[in-house]
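The values are calculated or read from the model by the stated rules, or taken from the named source; none is laboratory data. No experiment lies behind these values; they were computed from the predicted model shown. Glycine also receives a Cβ, built like all others from the backbone with ideal geometry; neighbour counts cover every protein chain displayed. What goes into the accessible areas is simple: the full protein's heavy atoms, side chains included, and nothing from ligands, DNA or RNA. Shrake-Rupley method; radii C 1.70, N 1.55, O 1.52, S 1.80 Å.
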Amino acid sequence: MSTFLQTLFVGLRLGSIYALVALGYTMVYGIIRLINFAHGDFIMVGGYTMIFTIPVMISLGLPGWVSVLLAILVCALVGMSTELIAYRPVRKKGTSMTALITAIAVSLLLENLAQAIPQIGPNPKVASKIFAAGGVRIADVTLDWTTMLTIFISIVVMVVLYQFTQKTKIGRAMRCVSEDKSASILMGINVNRTIVTTFAIGSGLAAIAALMYIAQYPKVYTTMGSMLGLKAFVAAVLGGIGIIPGAMLGGFVIGLVESFTTSYVSSSMADAFVFLILIIVLIIKPAGILGKNMGEKV
Amino acid sequence: MLEIKNIHVYYGAIHAIKGITITVNDGELVSLVGANGAGKTTILHTISGLLRATSGEILLDGKNLQNVPANTIINMGLAHVPEGRHIFSRMTVEENLRMGAYIISDVKRISDSMERVYHHFPRLKERARQLGGTLSGGEQQMLATGRALMTDPKILLMDEPSMGLSPILVNEIFTIIEQLHNSGITILLVEQNAKKALAVADRAYVLETGKISMQGSAKELAEDDRVRKAYLGA
């Protein structure tokens, strides 16, 4: 029983992180039909921003996690610049394949550029403890603060994000642009500005995910976003890419599959199971768990 | 109100519109009829800025639209009901109407407009909470039209509103078009159903492969032998 509960909480914690990253993939895909391969690397950008600013925060007498605000800002700027400098010009002239290759190029560029910076270099850096140690004992399971905060914060972020897309003017504009660009223009929506905003929000979420991730695994290195990003991408596809609640659901499914496989089967099988689940779901439901095709009616 | 002066439009290498001049006066309902591929939709897209003319001028109340960003043309009092409706299928009927009023920030004005649209289309009020994609074709056309009316436009561009609808619904849509016209809205209507389009219009233009082949009062055109043979199936 205690193993089960422990595994469940670990799965939810992992799932929260995957879900936050998957949201970035799904929002960008939803709006410009591009798999933003550089998204995983935005986590790394957020990670390094925190590595360098946590000591500053602490020296200012602030808690270390405050640096996530700076990380959100930096990630949002990197995301927006990626769209403005790389994706938009390619989208104007090229095909979706050129855009995809550009995304891979941006991903490699970020990883290698980071390594080329002397303060970063090829060796991993260790982050200081972000959340307080210790936790609460429920039944015979110890639930640490990091796990609880990770799950709690990500749920709050997701609820806020969902309400934002449903209730605010910018959020509605984002949904319109993702569904029909020319109709959005006719409504008076500035499509380019809406796309840039989507990049800012999606990349900001990657910074929050980075905080959660290094709170648990306090190691930052230039390729830290690759596998994390790939699994989050799987989560987004699993839930139905382009659908916001789908990314959240997919994230939790992947997190739970990974943690239960690690506990009950074998830790070396965890990743294999994640991708196996993806293949099975795609065979049964190609549009993802929540995906559906709504055709034009005449 | 709307003056299109000798515009040329290219689709890549294809010269789709070859020097067209169209005028729509205040309060008029002008129909643009012609076969599939004649360039009717292209003209409407060029007016709305979704496409750009390589030469010529488009004036709305004397102001040139050529350099106005497409998404700000709606602020000048021009609304466009696109071909194939293009409603937001994953949004509710009410949200679709709200998007029609995207440029308006006055909450009171939005709710007034919504009441007015519901008055024109009671069926939309019944379906307010339903997703746009679940509506029937006729209801989607009403929604697309209602959405375009949310800004209280001076001029409405309507592209193939009867496309794909049953004969009963076609009649219903044309009744609505007449009502809108009678309420004082200027309308530029593009239709393949030439008979209906000529019946409701004040004036009309006949478009053939990117050029105007005939123009005049709708009544005259409806009686013209060439028009009857080519478009009215007489």
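Here are the numbers for this structure:
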quantity	calculated
Full-stretch length increase - A:Met227, A:Lys292 - with 0.36 nm per residue and alpha-carbon distance subtracted	20.6 nm
Sorted peptide list for A:117-127, B:178-188, B:60-70, criterion being average Cβ within 10 angstrom, highest first	B:178-188, B:60-70, A:117-127
Helical mean residue ellipticity (222 nm; -39500 (n - 2.57) per DSSP H run of 4+; nearest 500) of the protein assembly as shown	-18000 deg cm²/dmol
Per principal axis, descending, Cα span of the stretch A:150-298 in whole Å	54, 37, 27
Set of lysines near A:Lys93 by C-alpha distance (under 20 Å), chain-local residues within fewer than 8 positions excluded	A:Lys181
Label zone at A:Ala139 (point 7 Å along Cα-to-Cβ), backbone N below 20 Å, the stretch A:12-36	A:12-15
The stretch A:21-225 shape via C-alpha gyration tensor axes, a/c threshold 1.5	oblate
Set of aspartates and glutamates near B:Lys40 by C-alpha distance (under 19 Å), chain-local residues within fewer than 8 positions excluded	B:Glu3, B:Glu28, B:Glu57, B:Glu83, B:Asp159, B:Glu160, B:Glu191, B:Asp202, B:Glu208
Acute angle (nearest 10 degrees) that the helix B:107-120 long axis makes with the longest principal axis of chain B, alpha-carbon atoms	70 degrees
Positions from the stretch A:168-187 whose accessible area shrinks by 50 Å² or more when the full protein complex is built, not the chain alone, probe 1.4 Å	A:Lys169, A:Arg172, A:Arg175, A:Cys176, A:Glu179, A:Ile185, A:Leu186, A:Met187
Kyte-Doolittle mean at least 0.5, axial Cα span of 27 Å or more - DSSP H helices of chain A	A:2-32, A:39-59, A:96-116, A:145-167, A:191-216, A:244-264
Interface burial for A against B (accessible surface, 1.4 Å probe, total of both chains, Å², rounded to 100)	2500 Å²
Lysine pairs meeting the criterion (Cα under 28 Å, 8 or more apart or interchain), as found in the stretch A:207-298	4
0 to 90° range, to nearest 10: angle between helix B:167-182 axis and chain B longest Cα axis	90 degrees
Residues of chain B: accessible area per residue with a 1.4 Å probe, Å²	42 Å²
Built amide H within the under 5 Å cut-off of B:His80, gap 5+	B:Leu157
Whether the protein assembly as shown is rounded, prolate or oblate, judged on the alpha carbon gyration tensor where a/c under 1.5 counts as rounded	prolate
Helix axis angle, B:137-149 relative to chain B longest principal axis, alpha carbon, degrees	90 degrees
Between the stretch A:207-265 and the stretch A:58-119, the alpha-carbon center distance in angstrom	19 Å
Within the accessible area of the protein assembly as shown (1.4 Å probe), percent carbon and sulfur	62 percent
